[in-house]
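Data first, discussion second: the structure below is written as structure tokens.
The numbers here are math on the coordinates, done by the rules we state, and not lab data. Since we're looking at a predicted model, the values are computed, not measured. FYI the Cβ positions are ideal-geometry reconstructions off the backbone, even for glycines, and counts take in every protein chain you see.
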Amino acid sequence: MNAKPASISENLIEFRDVAYHINDIPTRMIVSDISLRIPRGETLVLLGRSGSGKTTLLKLINGMLLPPKGVVLVQNCATTEWNPIRLRRGIGYVIQEAGLFPHFTVAENVALVPTLENWDAPRTAARVQEMLHLVGLDPRDFAHRLPRELSGGQRQRVGVARALAADPPILLMDEPFGALDPVTRAELQREFSALVRRLDKTIVFVTHDLREALLLASRIVLLQAGRIVASATPQEFLRLDHAEVRAFTSSLSVSPGAFV
Amino acid sequence: MSPWTFILDHRGEILSATLDHFTLVVIAMAIAILIGVPLGMFIVQRPTLRTIALGIASIFQTIPSLALFGFLIPIPFIGGIGKRTAIVALVLYALLPILRNTYVGLTGIDPAVLESAEAMGMTRSQILFRVRLPLALAVILAGIRTATIITIGVATIAAAIGAGGLGTFIFRGVALVSDALILAGAIPAALLALIADFLLGFLERRLRIS
């Protein structure tokens, strides 16, 4: 864990007393009182039930949502000050079902951000090869396929390759493995956690799966009804005395035949 | 005289009327596409304008075609007797399916695809031209196909205001109570519609993704 102590003090992402509410209805809070520092190299897992505001926090980081109250700083600059296009090109984004472009081949999907950034063709092609190898797909076999010719797990691998292609310092992942069957999910989680330890990325990972959070996180932040209720390393997290933490930890234990 | 001998005897005239008809349809469709597709792109992000544009286009569709040709005759510049008026009316008819399908095609895209496009730092116009438009192409083409078939049919009525085409035979046939004349107009018109349907349908299937 914490593989990069030298740079750990630098905050890449910071929330300062952020609140977000639907359009013009300040009483309808989605998230509130959010203060959070995410140092370089951290893999922060935002854990919470559906509707707890996890995805909202993610979209506040890449400027897809702007905070009506408080500031979100990315690389020491408020998201409201960033040019949204420049901000997002420096942040990889992976979502459930991958969101690959169905009319692009695997190679074109992975090459998306490098192409937008006007990399020359040989550099882009080399990068695509490198990325596909990184996520365990043989370019000779997969580069020219369309997303519909891939399995769910392969699509998700391509999604990760696409997000990493332009080498962004930050990676946002919104339940990337949520739609996969349990066996494929476990396989991708294992590979991804190994990958994370090799890459020097700051990752914010959204999930409602405690098992996934424990496996991947250097720190777990638990959200409940739009507020942070706990923040701990995976080891500490299991020992926390909080009702919502217990609700999640009890979801881990299985007694076979208990309901028979 | 049987319709077949009539058609064979007058094949030169019928062929030139078919060509006239075809030209009328191609010009009207070209204009309708040039108006309908960009307008459809424009109204995607503008709900008020969308209601107005789709509403007006729907109203034109409800006007009986012969009446629409009649209404246009007295209008200065676009009206009068002849091809120009016919083309205006045909464009108005073709507009709705093209406009509606462009809008539906552009908005009916998987939200996850649009979300990742935005999150990857694509600009609004990059999303439109590189993602939305290519993915909407098959649906837009389906609208163009519908509009083309409508236009081929409606264009037969354009003969009533002196625009020529295959309708000339049909109107003459109705006046003279001659099946042979009516069929001399109707059969080529039906064939044109079938061929257009087949070719555009083929193109549409080629463009369909997923």
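Table for the structure above
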quantity: Per-residue HN-Hα couplings for the range A:131-145 [Karplus 6.51, -1.76, 1.60; θ = phi - 60°; Hz; x = Gly/Pro]; calculated: 5, 5, 4, 4, 9, x, 10, 6, x, 4, 8, 10, 3, 9, 7
quantity: Student exercise, the range B:3-207 dipole from Lys, Arg, Asp, Glu Cβ charges, in Debye to nearest 20; calculated: 440
quantity: Spherically averaged projected area in nm², based on the convex hull that wraps the Cα atoms of chain A; calculated: 16.0
quantity: For the range A:36-105: rounded, prolate or oblate by the Cα gyration tensor [a/c cutoff 1.5]; calculated: oblate
quantity: Cut-off 13 Å (backbone N to label point 7 Å along Cα→Cβ of B:Leu203), residues of the range B:83-126; calculated: none
quantity: Simple Cβ-charge dipole of the range A:84-139, Lys/Arg +1 and Asp/Glu -1, about Cα centre, in debye nearest 20; calculated: 280
quantity: Cβ-based exposure ranking for A:Ile61, A:Ile13, B:Ile35, in which fewest neighbours within 10 Å come first; calculated: B:Ile35, A:Ile61, A:Ile13
quantity: The protein assembly as shown: translational diffusion in µm²/s, Stokes-Einstein, Kirkwood Rh over Cα pairs, 20 °C, 1.002 mPa s; calculated: 81
quantity: Extension gain (nm, one decimal) between A:Thr115 and A:Ile22, 0.36 nm per residue minus Cα-Cα; calculated: 30.0 nm
quantity: Theoretical FRET efficiency, 1/(1+(r/R0)^6), r = Cβ-Cβ of B:Phe42 and B:Phe77, R0 22 Å, to 0.05; calculated: 0.35
quantity: MRE, 222 nm, helices only [DSSP H, n ≥ 4, -39500 (n - 2.57), over the protein assembly as shown, to nearest 500]; calculated: -16500 deg cm²/dmol
quantity: Gyration tensor (alpha-carbon) shape descriptor, the range A:65-185, a/c threshold 1.5; calculated: oblate
quantity: Lysine pairs in the protein assembly as shown with Cα atoms under 27 Å, if 8 or more residues apart or on separate chains; calculated: 7
quantity: Computed E for B:Thr62/B:Val26 - FRET, C-beta separation, R0 25 angstrom, nearest 0.05; calculated: 0.50
quantity: Geometric extent, Cα atoms of the range A:183-260 - Rg, Dmax (angstrom); calculated: 14.1, 48
quantity: Mean Kyte hydropathy of 1.6 or more with a Cα span along the axis of at least 20 Å, helices from DSSP in chain B; calculated: B:11-43, B:133-154
quantity: Percentage relative contact order, chain B, counting C-alpha pairs under 8 Å, at least six apart; calculated: 29
quantity: Euclidean distance of C-alpha centroids, the range B:12-44 and the range A:30-64, integer Å; calculated: 53
quantity: Two-site label geometry, B:Arg172 and A:Glu191: point separation in nm, points 7 Å out along Cα→Cβ; calculated: 7.2
quantity: Over the range B:3-207: Rg over Rh, Cα atoms, Kirkwood Rh; calculated: 1.07
quantity: Relative contact order of chain A, defined on C-alpha pairs under 8 angstrom at six or more residues apart (%); calculated: 25
quantity: Point-charge dipole on Cβ atoms (K/R +1, D/E -1) for chain A, about Cα centre, debye to 20; calculated: 120
quantity: For the range A:86-195: relative contact order, % (alpha-carbon pairs under 8 angstrom, 6 or more apart); calculated: 44
quantity: Hydrodynamic radius of the range B:142-210 per Kirkwood, over alpha carbon pairs, in Å; calculated: 13.0
